[in-house]
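Before any comments, here is the structure.
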Amino acid sequence: MATVDWAKPSVSVSEAESRRDVLLSEEYVVQAMPAILGTFDMTSTYLLIIFFITNATVAVSGGAAAFTYLILGGITFYIPCVIATAQLGVMFPYEGSLYNWTHKALGGYWSFFVAFCAWFPGVLVMISAGDALVAFIQGLNGNWLTQPWQQGLVICLIIIFYGVLAVQRYRTVQNVVNVAACLTFLGVAIIGLAGVVWLLQGHHSATSFNSFNDWSVQWNGPSANLSLFGLITLAYLGMEAPLNMGGEIRERRTITRHLLIGTVLVFVGYFIATFSTLVVMGPTNGAVPFALVSTVDTALGKFMGGITAVCIMSFFVVTGIVYNFTYARLLLVGGIDQRLPARVGRLNKHRVPGNAIIFQTMVAIALTLLVFLVVPLVGQFGNPVNLSIEVYNVMLASSTLVWAISTAFLFVNITRFYLRDREVFRKQLIFPMPVLWVSIVLGSVSCLLAIVGTLFFSWIPSLISNNQWWYIIGGLTAICLVIAGIGSMLASSEASWQGLRGIEPDEERER
């Protein structure tokens, strides 16, 4: 397969790039993997990564302030990150996105560190997606899956399902992703209709929107809601992930188009789901994943609620597949570029990174067994049924911290490229420099606030206190960062060793 001409920088070869060796993955991927992704494909992938619809049910715990945080997070974090992603994606449309950009900006050590910080949350979110399915099953019948070991085994089966589908022919899998994205927004439309019908029938809103305090940010006291900023940040994380497959995109304009369309749909989806849940269920009853279905049950009846349940569950059935094949691309380029053992980057007969997907699946299963089978044997839980809710929130919060750290490198990279060669950088601009500078400042500060808010304020204070939350989330994050730091050093050694042996990726694959 010939190299795709568009997969080159917007200028022939920038001076900034010429000072760095061109990564092997940049050339290998466009030759070995088919360029099949269009705007609809990338938008669907973007939505299934970012629009984690059950985030709305956690946000509603803040009442009307949920909208305040959605707007603040959108303006100060999400939009700046999208702008940075679009700029970097157009400059360097290669496989691996943030890994590739950081390598060109800061070198091999930091590229591996950032790649790990972006990759590991993807594994945690795979577990969270399976856990959300368990929560929905429990919502359908409270007598099902009441024991932690039962929940863990079901999640393991779900993760295996993710892996089995992810290694199939990519075009077929992407078609499934596209259908799931459409079903998800059908569910959003029904949820929105439920909220409108509820009000038109003369019912009062279950949430107060009348006073300023309802909408305001509360720093402390019984009404403190600062933890919502961390949650909203999580709801917006992952905008660069679809570009992990940058070498498989058909047209350059797909990069900016899918970011624009997807961002608008994410805003619309979160606002609709949050509004209807607050109106029908309220901040207390609406703060569980199944509340989205209960909202429709209450306003439109069980039949429409059943359709909504199917639509939302289709999201969680497929989003784990998306996370698996998307983040496997980071392992793929790591193997090709000799940052990881070369066998990790091998493609299977369907031309997808099968070894990487299998490895991710095994890691997710191991973590699930640890949390749901081993931990309950040594720990005490007041109510085993709550374990799925606790694990869901802990996994997502840990993902937020590590993910926010990697996301901050979007702004670090742009700043580095600008300072290295301003003239060359300006030739590749797709936004005015003032817009980029505002995005860099707002995005960096928001990342820091999200880290602080997530670390010190429990998302589920009724189940895990702030003091316990700090130790659990802080401990998990510290472990991830230590592993990332050590892994970066080992990856540098691996690259040097393979380089001394003169091993090329293609040669390793033939062995």
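Every read-out reported here was derived from the displayed coordinates using simple, explicitly stated rules and does not represent laboratory data. As the structure is a prediction and not an experimental result, all values here were calculated from the model. Using ideal geometry, Cβ is built from the backbone for each residue, glycine included, and neighbour counts are taken over all protein chains shown.
What distance in nm separates the two pseudo spin-label positions at residue 431 and residue 205, each 7 Å out from Cα along the beta-carbon direction?
In this crude spin-label approximation the distance works out to 3.1 nm.
Within the set of other residues whose C-beta is less than 11 Å from the C-beta of residue 175, count the net charge using Lys and Arg as +1 and Asp and Glu as -1.
+1
Within the stretch 300-325, name every residue whose backbone N is under 15 Å away from a label modeled 7 Å from Cα of residue 285 along the Cβ vector.
Taking a point 7 Å out along Cα→Cβ of residue 285, the residues of the stretch 300-325 whose backbone N falls under 15 Å are 300-302.
What ranking do 390, 27, 423, 248 get, fewest neighbouring Cβ atoms within 10 angstrom at the top?
423, 27, 390, 248
I need the calculated FRET efficiency for the pair residue 260 and residue 366, taking r as the beta carbon distance and R₀ as 51 Å, to the nearest 0.05.
The pair residue 260/residue 366 has a calculated efficiency of 0.85.
Could you give the semi-axes, largest first, of the ellipsoid that matches the stretch 33-505, computed as the square roots of 5 times the alpha carbon gyration tensor eigenvalues and rounded to whole Å?
Largest first, the stretch 33-505 gives 34, 25, 22 Å.
Given the peptides 201-209, 284-292, 401-409, 344-352, arrange them by the average over their residues of other C-beta atoms within 10 Å, most packed first.
So the peptides 201-209, 284-292, 401-409, 344-352, ranked by packing, come out 401-409, 284-292, 344-352, 201-209.
Could you order peptides 432-443, 329-340 by the average number of other Cβ atoms within 10 Å of their residues, highest first?
Descending packing order for the listed peptides: 329-340, 432-443.
Between the alpha-carbon centers of the stretch 278-305 and the stretch 349-367, tell me the distance in whole angstrom.
Using only Cα atoms to place each centre, the spacing works out to 36 Å.
Using the Cα centre as the reference, give the magnitude of the dipole from point charges on the C-beta atoms of the stretch 33-505 (Lys, Arg: +1; Asp, Glu: -1; all else neutral), rounded to the nearest 20 debye.
For the stretch 33-505, the charge dipole is close to 1080 debye.
Using 0.36 nm times the number of residues separating residue 161 and residue 452, minus their current alpha carbon distance, what extension gain do you get?
101.2 nm
Considering Cα pairs under 8 angstrom that are at least six residues apart, work out the relative contact order of the chain and quote it in whole percent.
31 percent
Using the Cα centre of the chain as origin and beta-carbon charges of +1 (Lys, Arg) and -1 (Asp, Glu), tell me which of 411, 323, 432 is placed farthest towards the positive end of the dipole.
Looking along the dipole axis, the top candidate is 432.
For the chain, what does the helix formula give at 222 nm: sum of -39500 (n - 2.57) over DSSP H segments with n ≥ 4, over the residue count, nearest 500 deg cm²/dmol?
-23500 deg cm²/dmol
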